[in-house]
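The values are calculated or read from the model by the stated rules, or taken from the named source; none is laboratory data. Note that the structure is a prediction, hence the values are computed from the model and not measured. Neighbour counts are summed over all protein chains in view; Cβ atoms, including those assigned to glycine, are modelled from backbone coordinates with ideal geometry.
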Amino acid sequence: MISKSVCEQVLACALSRGGTFAEIFYEDSKNFSMRLRSGHIEAAGVSRPRGAGIRIYDNLRSIYVYTCDVTPEGLLRAAKKAAAAVTDSLGTGRDVRLCERAVTDIHPVRERTLDVPTDRRAQVLRAADAAARAVSPSITQVTASLLSREQHVLIANSDGLYTGDTRVYTRLLCSAVAGDGAQNQTGSENPGARMGFELFSERVNPEEVGRTAATSAVTMLSAPYCAAGEMPVVIAGGFGGVIFHEACGHSLEATSVAPGISEFSGKLGQQIAAPCVTAIDDGTMVGEWGSENIDDEGTPTTRLVLIENGVLKNYMVDRLNGLKMGMAPTGNARRESYAYAPTSRMRNTFIAPGTDDEEEMLRTMGDGLYAAKMGGGSVNPATGEFNFAVQEGYLVRDGKIVSPVRGASLIGRGSEILTRIDRVGRTMTMGQGMCGSLSGSVPTNVGQPTIRVSRLTVGGK
């Protein structure tokens, strides 16, 4: 780590030509990956990214310089480069005095992945592979990967903050391909948590992961194509929450709200969703994939109610955009690594549990689609327009599931889908993903109970 005295010198250097605020973000990480394909371990390795980023505010403009040279001389060079870009002539620099702030770790790690013998790590992948192949002879390929990250960070700024944190993540990814000689279908399951290797004794069963991925692939292999049209859609919990994350969540980040390009800009206190919808972004959930102790600006993490009974209550705010908006940071400033300046990002974002019965949702929906598992998609935060693939879908006729269907996609606008949710189930589950934005790719949880959208455009054939 970098000492307080060195940080004080670097921050003073960063402010030597003016500027209103300066910050150092130092990172020292160890990343482990192991991949199994066709029953064999084909790759394994450890990387160690280490470096620092220096940020200066020039009024409401942000200047960012990063370096992998974390010697005092290297940091001072980076600070001088950042300071050279300052155009604010109001200041001539100032001394900085730092005060250390301890961080309480609510995510204790009981077994570091890199301390686990290699054969135990490989066995996780072999177990997922064997379980997937046992589902059906039509499984032609299985790929499984074990990922682990141990990130040590230090954050210091000209307001006097000097603090640090350690983040540990572990994840298992499994994809299975089912084929019949004429076509292939792929299923996947990718659980992870803010935990060490104890993930596999406390939360994730590798055999279940493999079976789930393979079963989805086999189910879709024989499914007919989904018909297109507007219809009621029931979306399952867990990764189904990616709809809210993408179609609405990004539009509630200050990154898009501050410049006024979000469809929800200026709507605090207004009804933007059905009364049955409450949505939360929570970084305080113990052991969850998107949780933190502090964000990447050193702000303590929070539980933030975004929408309450349909009313917009909060935005997700980082420091710089908060200055532009006149709002306090909410602990949502995140970045992939020292090579990125932070901005407002989601953490564990979900629709809160409701009171509706999941069976009743299907029984009373008439003809429509049940989206059991969502895939990838895209969204325009300015308009809220989205398009998402349904990885595993089922045709519903007269309130009953009659057959699987493939090739379905969900198309609409975030503001519309929020108002058309008419049922919210009782049990909320989460799915893990990597979210990309201006500050790189960060771990995020998406989640929801099973929900019903009264009317949604379904793409198909």
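Exactly one residue out of PRO329, PRO342 is in contact with a helix residue (DSSP H, G or I) (Cβ under 9 Å, 6 or more places away or on another chain), farther than 30 Å from VAL453 by Cβ and touching a residue at least 40 places away in the same chain (Cβ under 8 Å): that is PRO342. Screening region 19-45 for residues that are of a type in the set (D, E, K, R) and under 30 Å from LEU320 (Cβ atoms) and picking the one that is surrounded by the most Cβ atoms within 10 Å (Cβ to Cβ) gives GLU23. All of (1) assigned to a strand (DSSP E or B); (2) under 27 Å from GLY310 (Cα atoms); (3) of a type in the set (D, E, K, R) hold for GLU416 with one exception: (1). Does region 386-409 contain at least one residue that is more than 19 Å from ALA279 (Cβ to Cβ), touching a strand residue (DSSP E or B) at 6+ places or on another chain (Cβ under 8 Å) and basic (Lys, Arg)? For region 386-409, residues more than 19 Å from ALA279 (Cβ to Cβ), touching a strand residue (DSSP E or B) at 6+ places or on another chain (Cβ under 8 Å) and basic (Lys, Arg): present.
Can you tell which of MET365, MET430 is in contact with a Lys or Arg (Cβ under 7 Å, 6 or more places away or on another chain), at pLDDT 95 or above and not polar (S, T, N, Q)? Exactly one residue qualifies, and that residue is MET365.
For region 442-451, a tally of residues being more than 8 Å from the chain's Cα centre (by Cα) and either surrounded by fewer than 24 Cβ atoms within 10 Å (Cβ to Cβ) or among the aliphatic types (A, V, I, L, M) (or both) returns 1. Right, ARG48: surrounded by fewer than 23 Cβ atoms within 10 Å (Cβ to Cβ), in contact with a strand residue (DSSP E or B) (Cβ under 8 Å, 6 or more places away or on another chain), in contact (Cβ under 8 Å) with a residue 40 or more places away in the chain and within 30 Å of SER145 (Cα to Cα) or not? No.
Here SER216 passes the criteria (1) closer than 30 Å to ARG101 by Cβ; (2) surrounded by 21 or more Cβ atoms within 10 Å (Cβ to Cβ) except the one numbered (1).
The residues listed here are VAL379, VAL405, VAL396; of these, the one that is modelled with pLDDT under 95 and either in contact with a helix residue (DSSP H, G or I) (Cβ under 9 Å, 6 or more places away or on another chain) or farther than 15 Å from GLY237 by Cβ (or both) is VAL379. Evaluate region 136-158: report whether one residue or more is under 30 Å from ALA22 (Cα atoms), within 27 Å of the chain's Cα centre (by Cα), among the β-branched types (Val, Ile, Thr) and crowded, with 21+ Cβ neighbours inside 10 Å. Yes: one or more hits. Would you check if there is a residue in region 62-76 being farther than 17 Å from TYR26 by Cα, in contact (Cβ under 8 Å) with a residue 24 or more places away in the chain and either of a type in the set (Asp, Glu) or exposed (fewer than 12 other Cβ atoms within 10 Å of the Cβ) (or both)? No, region 62-76 contains no residue that is farther than 17 Å from TYR26 by Cα, in contact (Cβ under 8 Å) with a residue 24 or more places away in the chain and either of a type in the set (Asp, Glu) or exposed (fewer than 12 other Cβ atoms within 10 Å of the Cβ) (or both). Just a yes or no: is a residue in region 108-118 outside any loop (DSSP other than H, G, I, E, B), among the polar types (S, T, N, Q) and surrounded by 13 or more Cβ atoms within 10 Å (Cβ to Cβ)? For region 108-118, residues outside any loop (DSSP other than H, G, I, E, B), among the polar types (S, T, N, Q) and surrounded by 13 or more Cβ atoms within 10 Å (Cβ to Cβ): present.
Picking from residues in region 419-439 that are closer than 19 Å to GLY192 by Cα and not in a loop (DSSP other than H, G, I, E, B), the one that is farthest from the chain's Cα centre (by Cα) is THR429. For region 317-330, state whether one or more residues are of a type in the set (D, E, K, R) and surrounded by fewer than 21 Cβ atoms within 10 Å (Cβ to Cβ). Looking through region 317-330, at least one residue is of a type in the set (D, E, K, R) and surrounded by fewer than 21 Cβ atoms within 10 Å (Cβ to Cβ).
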